[in-house]
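Asker: Please read through the structure below; I'll follow up with questions.
The values are calculated or read from the model by the stated rules, or taken from the named source; none is laboratory data. This structure is a prediction, so every number in the text was calculated from the model and none was measured. So basically every Cβ, Gly included, is an ideal-geometry build from the backbone, and we count neighbours across all protein chains shown. Ligands, DNA and RNA are excluded from the accessible area calculation, which covers all protein heavy atoms including side chains. Shrake-Rupley method; radii C 1.70, N 1.55, O 1.52, S 1.80 Å.
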Amino acid sequence: MSKLEQILILEPPVDLKFKGPFTDVVTTNLKLKNPSDRKVCFKVKTTAPRRYCVRPNSGMIEPGSFIIVSVMLQPFDYDPNEKSKHKFMVQTIFASPHVTDMEAVWKDAKPDDLMDSKLRCIFELPSENDKVNDIESSKATPVINASKQDGSSLPKPTSMSLDDTEMRKLMEECKRLQSDVMKLSDENRQLKDEGLRMRKAPRSDNMVTNTGGLMGRDSSSSLPSLLVVLAAIFIGFFLGKFIL
């Protein structure tokens, strides 16, 4: 009886290519597609099990479905003069619709029920064009980041203009308060001069009237002094806000 032909469709069908440099783990994918209307169990085997990590290395594929197998080549010292002799084999077998134990399927399998496909491993180093493309792509990335940074800095002039507007308002308010203080100071001096003149005036008038007038003027003169103090407090507040 002739051997059964592989039912799965493999992508790639013949070669597993690994592109260096091989100083780190290099991964390539193997797609296993089941075009039949039956369940198929599979196993992935290699002639160099210590050099590769395969996930998953076995399983079951439903009818009309597929699975991606990741083949990871471990780091090693690559010698371009040495040809790779590593090979992989995908072994498959049909499973019954209600199967649950895949180990039992493989244990009870007859040699004539097994199907297999073999793939060879090919190691490739990056070409000069690939290196140039990698360099150009790495250079293009900072440009994108820089543009993002520039974009993120765009709102800053707006915030600066708002600060300038607030500073101008504070300056105008300070100037206005300084002008009010000057006016109050002038009025205070005038009231003091008037009080001195009233004290020097002849005492022929009624003492009670003079005393009442002087007390009224003293109270009037104390009011501008209070306003001067309040204005100085406001100026200090606004100047402190402007400096901070």
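Asker: Considering only protein heavy atoms and a probe of 1.4 Å, how much of the accessible area of region 2-42 is carbon and sulfur, as a whole percent?
Answerer: Details: 1150 of 2300 Å².
After summing per-atom areas, the C and S share lands at 50 percent.
Asker: Would you mind working out the accessible area per residue for region 1-68, using a 1.4 Å probe, and quoting it in Å²? Walk me through the numbers before you get to the answer.
Answerer: Working: 4120 Å² over 68 residues.
The answer is 61 Å² per residue.
Asker: Which number gives the lysine pairs in region 1-94 that have C-alpha atoms under 17 Å apart and are eight or more places apart or on different chains?
Answerer: 16
Asker: Packing-wise, with mean Cβ within 10 Å as the measure, how do 190-198, 29-37 rank, highest first?
Answerer: Values: 190-198: 12.8, 29-37: 14.8.
Output ranking for 190-198, 29-37: 29-37, 190-198.
Asker: How big is the gap, in Å, between the Cα center of region 1-44 and the Cα center of region 52-78?
Answerer: Spelled out, the Cα-based centre of one part sits 8 Å from the other.
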